[in-house]
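The values are calculated or read from the model by the stated rules, or taken from the named source; none is laboratory data. Keep in mind the model is a prediction, meaning the values are calculated, not measured. The area values use the complete protein model at the heavy-atom level, side chains included, leaving out ligands, DNA and RNA. Shrake-Rupley method; radii C 1.70, N 1.55, O 1.52, S 1.80 Å.
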Amino acid sequence: MRIARAAEYMGMSVVGVRKAAREGRLPCRVSASGQRLFDRADLDVFLGREPIQPEAAEREAYS
């Protein structure tokens, strides 16, 4: 997910998420256009939450 959605999901500012990623505390990948992209599982780990299992995430998406 993109940085704005990740920030909303985490209850943080975009600046805070960007800083955590830059410092290496929050894993991300960078798209060809230079945007930071985040995986929900990495966000959950950063927040100290149990990552959602892929099949549970699918069920949640279709609920």
For I52, I3, the accessible-area ranking with a 1.4 Å probe, largest leading, is I52, I3
Accessible area in the full protein assembly, largest first, 1.4 Å probe, for E8, E23: E8, E23
